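**Student:** Just dropping this structure here.
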Amino acid sequence: MYYEGNILNCRTMKKYLTGLIIIVFGLGAVATPLSLIQVDNSQDNIFTSDDIPNKEDPNKGKKETIEGSVDFDPDTLNCKSKGKWVTIRIHFSDKKDITIIDFNSILFNDVLQPSKIIVETGNNDDFDKLIMKFDRSSVINLLLLEPAEDVEIFVTGKFIDGIKFKGKDSIRLINF
């Protein structure tokens with residue numbers, strides 16, 4: 001079978017489908033000659049993973065986005081600063097389990113992924129927090145694409161169950 005990323009190439013896959021196909025029913029198995037299975041050889045069919053026939057989307061219809069409370073630190077960002085990190089904390093008031101966040105989906109202003117992620121649970125304020133460290137110079141360079149004194153930043157991502165989240169904060173830029 002040929003599989004690359006999200007693309008399945010049926011023509012290439014066909015040359016590997018020879019001999020018998022084994023079909024499993026409960027505890028038994030039945031061998032079926034390949035000649036009984038109909039294959040369309042007329043053209044090269046390419047599917048994305050979302051188009052593969054009979055694929056069930058467990059989150060179909062779930063378009064919910066949860067709003068998180070975001071705190072960007074520092075509140076005033078000096079663009080000439082030589083610090084290593086900026087820190088963003090996010091928590092959710094509806095007690096959503098932050099340990100099931102897809103960490104690879106997290107983005108700062110739709111561009112930057114965090115360099116470090118810390119999950120803080122069981123703290124005194126009854127909210128579990130996700131603490132993210134972003135490279136300070138990358139954040140400054142991104143914010144300076146449209147320099148302004150008052151800037152709104154946002155963080156987006158999703159949970160492994162497909163539910164998305166977003167949160168925003170306002171900061172002040174100086175020395176740009």
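**Student:** Would you kindly calculate the translational diffusion coefficient of the stretch 65-174, applying Stokes-Einstein with the Kirkwood radius from alpha carbon pairs, for 25 °C and a viscosity of 0.890 mPa s, and quote it in µm² s⁻¹ without decimals?
**Tutor:** Values: Rh = 14.2 Å.
Calculated translational D: 173 µm²/s.
**Student:** Hey, fewest Cβ within 10 Å first, where do Ile163, Ile106 land in order? Walk me through the intermediate numbers first.
**Tutor:** Details: Ile163 16, Ile106 21.
Ordered by Cβ neighbours within 10 Å, fewest first: Ile163, Ile106.
Only the coordinates and a few stated rules stand behind these numbers; no lab work does. In this text the structure is predicted, and so the values were computed from the model without any measurement. Quick reminder, even Gly has a Cβ in these numbers, built from the backbone with ideal geometry, and neighbours come from all protein chains shown.
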